[in-house]
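Note sheet for the following structure.
The values are calculated or read from the model by the stated rules, or taken from the named source; none is laboratory data. These numbers come from a predicted model, not from an experiment. Note: ideal-geometry Cβ built from the backbone for every residue, glycine included; neighbour counts use all protein chains shown. For the accessible areas, the whole protein counts, side chains as well, though only heavy atoms, and no ligand, DNA or RNA atoms are used. Shrake-Rupley method; radii C 1.70, N 1.55, O 1.52, S 1.80 Å.
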There are 2 protein chains.
Amino acid sequence: MNEFELIQSYFSRLGNVNRLPGEEGGVVLGIGDDCAILQPPPHSQLVVSTDTFISGVHFPDQTSPFDIGYKALAVNLSDLAAMGAMPLWFTLCVTLPSADEQWVSSFCDGMESLIIASGIHLVGGDTTKGPLSISIHVTGAVTQGLALRRDGAKVGDDIYVSGEIGHGVAGLDIVLAALGDEAASVGSVELLRSLERFNRPKPRNDVGGKLSGLATSAIDISDGLLVDLRHILQASQVVAELDMGAVPVAPSVSDERLFVGKPSSERRRIACSGGDDYELCFTAPGGRRDSVEAVGSLLAVPLTRVGRIIAKTGTFRVGDVIDKVSQKSLPLAGYNHFS
Amino acid sequence: MNEFELIQSYFSRLGNVNRLPGEEGGVVLGIGDDCAILQPPPHSQLVVSTDTFISGVHFPDQTSPFDIGYKALAVNLSDLAAMGAMPLWFTLCVTLPSADEQWVSSFCDGMESLIIASGIHLVGGDTTKGPLSISIHVTGAVTQGLALRRDGAKVGDDIYVSGEIGHGVAGLDIVLAALGDEAASVGSVELLRSLERFNRPKPRNDVGGKLSGLATSAIDISDGLLVDLRHILQASQVVAELDMGAVPVAPSVSDERLFVGKPSSERRRIACSGGDDYELCFTAPGGRRDSVEAVGSLLAVPLTRVGRIIAKTGTFRVGDVIDKVSQKSLPLAGYNHFS
């Protein structure tokens, strides 16, 4: 067994997670042939997404291999959550500069923890030599016709977000300012929580699954609430009125060790513009507030109403996000890997 | 529109190929949302595979963007062919060092030509900045239970190959020896044919589809006939007797401008050990020779009987390939990216 065969054996082992009898999840034949053979659930449609992760672009260079393995899968699971889909299968392409067994072992541990938590199955992959890069392809299932899309928001719908907004941008600031060790030594719970959520975001597949058939549109917050909400608005050809004061902002965003020099008045906007939250932003009919509340209670995840969908009127254009207080269009600055 | 948005628009356009009414191929929602929404064909199983391509590893650095786009998809389609599957959908992750519009345009032209030829649909992707790398994930459909696997070869089965063997290794030698221009100027048809097959292999999806329910096992020849046949033998726990003289070797392999210094006696072995052929190697019951012949005639693709499956006896071990003439086990040297 050469070095890279050894590495591949680590990934192959990940293919055996969640394969106990009764948990096969439609995997007829897993890793090892030219292709995997998969049985889709009856009466379902499939949803698929793919993403590439590159060190220094999608995660800071100093990120631990455990967290890289975890987060690469988490971000893809989050795309399934945004469609209201149940995770089924994924494939993993890893390009590595060298056959570093310790790195790969830790990477696989991180990924395995989320494979177990999400119930997804690894069914194929490829290992190559080159600059560090990870590409993942995920497949999920939805009941036929009930996938959550971006283009279903209607005038009169409420706008919601799950969880808290801003952990991603706060966590990145903690990493860039190298505040992690200090936060740990003085026991700064809020900072540590944002760091944890930045490195190991919790994809909202449980929430997305329950919203299928209830929400009218959904997206996961990867580029920032304002930018991602705009994607819904543009696809649905509508305008949003956003109550910035209602947005549940992560407490760490107010910590003066972060965003140094930024006044408190700007911090709410920073939280709403930062990426890497992996919460869901969704719309639901005004008449179904009780149902949305019930989903939040059942899953013990805050689902907060932050605005409503309105029609294009006057000077407002499709895609605009209007601030409820000032009644002005909010400038949309999000995170762009290439800007 | 920034540079990378422009690049992404090229890939998005590829998602519109094969989308005329009646040709949607189960694509309910294509590129543009968090996920694509896909409707699997009834009574089918899905087969999936993924591969990463890196310049200088999977293709020579001087390969044209057109050929890179073509071949990256071809190699993945070949995995579907090996399972006897009909191509349905694929996703494409491209990492580019810069937003080179001309490069991307040509890359997309190459890929589009094969999208049209194969009838597959591009349903998602990701574009990132970094060292050139392409990851593709393909999905195909087979009738439930009829996927061609590696583990179905039985004692008494015949062994076949499609097309000619050795174009891949000959084509690589032409590129490495920079003989392409000379071959073109003097009209060396055989060399040009191998060069063409090396750069633009023809995945055998039509053959694979017809072999579903007829062949007992199959693999596509990516690492070399001897090595890939061995994968069937090991999965099926059997031994092969190979008639090297019957293997349909590409005429260019005999050309003295290639494999300089190699005696003619060695060239047949070189052809059987070289990778990048993307022909199919498969087994079928001895009683179904007429059916295999009928498939070859129907599709105008030579399907040549090159050996038979025998049991493990005497000194031979599972996985051994026995030379019919010498009755000795053949050494298996294939192409390994990391050897």
Subject >> Cα-based helix-to-principal-axis angle, B:167-176 vs chain B, degrees rounded to 10 >> reply: 60
Original post:
Percent of accessible area on chain A owned by carbon and sulfur, 1.4 Å probe?
Top reply: 51
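Rounded, prolate or oblate: which one fits the protein assembly as shown, using the alpha carbon gyration tensor with axes a ≥ b ≥ c (rounded when a/c is under 1.5, else prolate when a/b beats b/c, else oblate)? Mind showing how you got there, number by number?
Values: a/c = 2.06, a/b = 1.98, b/c = 1.04.
Prolate, because a/c is 1.5 or more and a/b exceeds b/c.
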Original post:
Hey, which lysines would be in cross-link range of B:K129, C-alpha to C-alpha under 24 Å, not counting anything within fewer than 8 residues on its own chain?
Top reply: A:K71, A:K129, B:K71
Original post:
Accessible area drop of at least 40 Å² (1.4 Å probe, protein heavy atoms): which residues of region B:66-114 qualify, relative to the chain alone?
Top reply: B:M83, B:T91, B:C93
Subject >> Net lengthening on full extension, A:A246/A:S265 (0.36 nm per residue, minus Cα-Cα) >> reply: 5.4 nm
Original post:
In the full protein assembly as shown, how much of A:K324 is accessible to a 1.4 Å probe, in Å² to the nearest 10?
Top reply: 100
Subject >> Å² of accessible area per residue within chain A, as computed with a 1.4 Å probe and no ligands counted >> reply: 39
Subject >> Cβ-based net charge around A:A300, under 13 Å, with every Lys or Arg adding one and every Asp or Glu removing one >> reply: +1
Original post:
If each of B:A178 and B:E3 carries a label point 7 Å out from its Cα toward its Cβ, how far apart are those two points in nm?
Top reply: 3.0
Subject >> Within-13-Å neighbourhood charge of A:V142 [Cβ basis; K, R +1; D, E -1] >> reply: -1
Original post:
With a 1.4 Å probe, how much accessible area is buried between chains B and A, both sides summed, in Å² to the nearest hundred?
Top reply: 4300
Original post:
Under a GNM of chain B (C-alpha, springs under 10 Å), which listed residue has the highest mean-square fluctuation: B:G319, B:G69, B:G286?
Top reply: B:G286
Subject >> Integer Hz, Karplus 6.51/-1.76/1.60 couplings in order for region B:139-146, x for Gly and Pro >> reply: 10, x, 10, 10, 4, 3, x, 10
Original post:
Which residue, A:A235, A:A85, A:A147, has the most motion in a Gaussian network model of chain A that connects Cα atoms within less than 10 Å?
Top reply: A:A235
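Quick one: of the DSSP bridges fully inside the protein assembly as shown, what percent are antiparallel, nearest 5? Mind showing how you got there, number by number?
Working: 86 of 114 bridges.
Taking every DSSP beta bridge within the protein assembly as shown, about 75 percent pair in antiparallel fashion.
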Subject >> Candidate lysines for bridging to A:K328, where Cα separation is under 20 Å - those fewer than 8 sequence places away on the same chain excluded >> reply: A:K312
**OP:** Would you pull out the residues with amide H under 5 Å of A:I165's amide H, same chain only if 5 or more places away, H placed 1.01 Å from N?
**Re:** A:V249, A:A250
**OP:** Determine the shape class of chain A: with a ≥ b ≥ c the square roots of the Cα gyration tensor eigenvalues, call it rounded for a/c under 1.5, and otherwise prolate if a/b is greater than b/c, oblate otherwise.
**Re:** oblate
Original post:
Taking a ≥ b ≥ c as the square roots of the eigenvalues of the Cα gyration tensor of region A:1-119, is the shape rounded (a/c under 1.5), prolate (a/b larger than b/c) or oblate?
Top reply: oblate
**OP:** Using the Cα centre as the reference, give the magnitude of the dipole from point charges on the C-beta atoms of region B:3-143 (Lys, Arg: +1; Asp, Glu: -1; all else neutral), rounded to the nearest 20 debye.
**Re:** 300
Original post:
Using a Gaussian network for chain B with springs between C-alpha atoms less than 10 Å apart, which of these wobbles most: B:D151, B:D126, B:D276?
Top reply: B:D126
Original post:
What is the local net charge at A:D320, summed over the other residues whose Cβ is closer than 14 Å to its Cβ (Lys, Arg +1; Asp, Glu -1)?
Top reply: +4
**OP:** For region B:53-210, compute Rh as the Kirkwood radius over C-alpha pairs and then the Stokes-Einstein diffusion coefficient at 4 °C and 1.567 mPa s; write the answer in µm²/s, rounded to an integer.
**Re:** 76
**OP:** Could you sort the residues of region A:115-162 by number and keep only those whose accessible area is reduced by 30 Å² or more in the all-protein-chain setting relative to the chain alone, 1.4 Å probe?
**Re:** A:D126, A:T128, A:K129, A:P131, A:H137, A:R149, A:R150
Original post:
At q = 0.21 Å⁻¹, what is the log10 ratio I(q)/I(0) for region B:129-241, with the Debye formula run over Cα points and no solvent?
Top reply: -1.16
